[in-house]
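Working notes, beginning with the structure itself.
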């Protein structure tokens, strides 16, 4: 009865919503042309050659949001809990991406990262981090002040951890390459197509958009900051809700870029999924500093001047938002102050590289992290998915999702095409 009702509603919807009436039948629809969506479409094609696959993206280009607004780091599973989806998929995805970039001529460099302990209480946490990294299969080197000076002469710390496997990569270039690969194998990437509804019927999944309807045997949604919105459009109540955080970056002037040789990180605070402000040397040689983590007033609010009133009202109305705020209000207030006061931002950077001066830094871009928050206000740190029949939603794909994208795509293809039961898929 429910499926019959869904079928009737789906068949009425194009007329009710003023759609064009255009119907296209395909094997799979992937919603979202970020790196996870594109990698998933590629994996579906590889798993079932000749199967028609289409990627639908509401923006006018691929990698319009998180995939094109990040630090470009090729992550290693240093901080992730051994055995977690993050740790496993990051390691697998890094290896796959290194090979893929070599094959497709996309810029990638294994420059290594250095994690620096600047306070006495951080030294034992750094040692624990080294053990965690080794448990995840990484080769790491524990350093004292002299060893740190050899790698990073301008950094200062009591101890450090060197991870040679970490690198940087041109993620927008990866996305363009994936797009070409999908199209070369008979798939489509449709830009400027907004998905409005997803209805599972006896005829397949009806994907209603502002450009017509697609009928698909399988659907994957990779909507990033809109993941919970798209899940609700399919009738699924997602286990978490997205609360966006903006990460703002500064950039070292070219004459100061020599102050940083590798990727330089502080020892992470285990209470938070954010890494704290750090230095990253980009694939083009520029050195970025940041990001902080301030609440964004919209899912695509890349600056304080952008306010999405509807988004903001919905975020403020959630109990989970207020529970999160009660738990972390001091930290959140500090991040906001640091966003508005350049001196605080610079002071955080000087803990790692004391020679950095305010005049060495200029504003750079910003990114928006789609942070999943559980009903009790806790921050969800691992990858999470939700499945309803032939539709699978990527509910949470935080960093290192870009690094892990090829592995995530392969896993999703396996879950969907092998018809595994829902209880075998990692969920929140």
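The values are calculated or read from the model by the stated rules, or taken from the named source; none is laboratory data. Here the structure is a predicted model, which means the values were calculated and not measured. Counting neighbours? That spans all protein chains shown, and the Cβs are built from the backbone with ideal geometry, glycine included.
Remarks
- Conditions (1) part of a helix (DSSP H, G or I); (2) at pLDDT below 95; (3) surrounded by fewer than 20 Cβ atoms within 10 Å (Cβ to Cβ); (4) in contact with a strand residue (DSSP E or B) (Cβ under 9 Å, 6 or more places away or on another chain): number failed by residue 256: (2)
- Residue, surrounded by the fewest Cβ atoms within 10 Å (Cβ to Cβ), within region 226-253, restricted to residues that are assigned to a loop (DSSP other than H, G, I, E, B) and in contact (Cβ under 8 Å) with a residue 24 or more places away in the chain: 253
- Candidates are the residues of region 383-402 that are closer than 13 Å to residue 85 by Cβ, in contact (Cβ under 8 Å) with a residue 60 or more places away in the chain and touching a strand residue (DSSP E or B) at 6+ places or on another chain (Cβ under 7 Å); the one that is surrounded by the fewest Cβ atoms within 10 Å (Cβ to Cβ) is 398.
- Pairs where the first residue, in region 306-324, is free of Cβ contacts under 8 Å to residues at least 12 places away in the same chain and the second is surrounded by 13 or more Cβ atoms within 10 Å (Cβ to Cβ), C-beta under 6 Å, 6+ apart: 306/298; 307/297; 308/298
Yes/no per residue for (1) under 23 Å from residue 152 (Cβ atoms); (2) under 17 Å from the mean Cα position of the chain (by Cα):
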site: 51; (1), (2): no, no
site: 55; (1), (2): no, no
site: 62; (1), (2): no, yes
site: 67; (1), (2): no, yes
site: 74; (1), (2): yes, yes
site: 88; (1), (2): no, yes
site: 93; (1), (2): no, yes
site: 121; (1), (2): yes, no
site: 125; (1), (2): yes, no
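Here's the yes/no breakdown for (1) under 23 Å from residue 269 (Cα atoms); (2) buried (at least 18 other Cβ atoms within 10 Å of the Cβ):
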site	(1), (2)
104	no, no
107	no, no
114	yes, yes
117	yes, yes
122	yes, yes
130	yes, yes
134	yes, no
144	yes, no
147	no, no
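- None of 298, 285 is modelled with pLDDT under 90, closer than 25 Å to residue 402 by Cα and not in a helix (DSSP H, G or I) except 285.
- Residue match in region 326-347 (condition: buried (at least 20 other Cβ atoms within 10 Å of the Cβ), at pLDDT 90 or above and either more than 20 Å from the chain's Cα centre (by Cα) or over 24 Å from residue 401 (Cα atoms) (or both)): no
- If the condition is being part of a loop (DSSP other than H, G, I, E, B) and under 18 Å from residue 172 (Cβ atoms), then region 59-103 contributes 59, 60, 61, 62, 63, 64, 65, 69, 70, 71, 72, 75.
- For region 348-364, the candidate set comprises residues that are buried (at least 16 other Cβ atoms within 10 Å of the Cβ) and touching a strand residue (DSSP E or B) at 6+ places or on another chain (Cβ under 6 Å); within that set, the residue that is nearest to residue 168 (Cα to Cα) is 364.
- Checked against (1) under 21 Å from the mean Cα position of the chain (by Cα); (2) buried (at least 18 other Cβ atoms within 10 Å of the Cβ); (3) not in a helix (DSSP H, G or I); (4) not assigned by TED's automatic domain parsing to the domain that holds residue 198, residue 311 passes all but condition (3).
- Some residue of region 10-30 being at pLDDT 95 or above, closer than 30 Å to residue 166 by Cβ and part of a helix (DSSP H, G or I): no
- Residue in region 159-178 that is surrounded by fewer than 18 Cβ atoms within 10 Å (Cβ to Cβ) and either more than 22 Å from residue 71 (Cβ to Cβ) or touching a strand residue (DSSP E or B) at 6+ places or on another chain (Cβ under 6 Å) (or both) present: no
- Filter result (part of a loop (DSSP other than H, G, I, E, B), touching a strand residue (DSSP E or B) at 6+ places or on another chain (Cβ under 7 Å) and closer than 26 Å to residue 88 by Cα) within region 124-149: 138, 140
- Test for residue 154: is it touching a helix residue (DSSP H, G or I) at 6+ places or on another chain (Cβ under 8 Å), farther than 30 Å from residue 193 by Cβ and surrounded by fewer than 18 Cβ atoms within 10 Å (Cβ to Cβ): yes
- The criterion of being modelled with pLDDT under 95 and closer than 22 Å to residue 401 by Cβ does not hold for residue 189.
- Tally, over region 45-54, of residues that are in a helix (DSSP H, G or I) and either over 16 Å from residue 100 (Cβ atoms) or out of contact with any strand residue (DSSP E or B) (no Cβ under 7 Å at 6 or more places or on another chain) (or both): 2
The rows are residues; the columns are (1) in contact with a strand residue (DSSP E or B) (Cβ under 6 Å, 6 or more places away or on another chain); (2) surrounded by fewer than 15 Cβ atoms within 10 Å (Cβ to Cβ); (3) within 20 Å of residue 398 (Cα to Cα).
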| site | (1), (2), (3) |
| --- | --- |
| 210 | no, yes, no |
| 215 | yes, no, no |
| 221 | yes, no, yes |
| 224 | yes, no, yes |
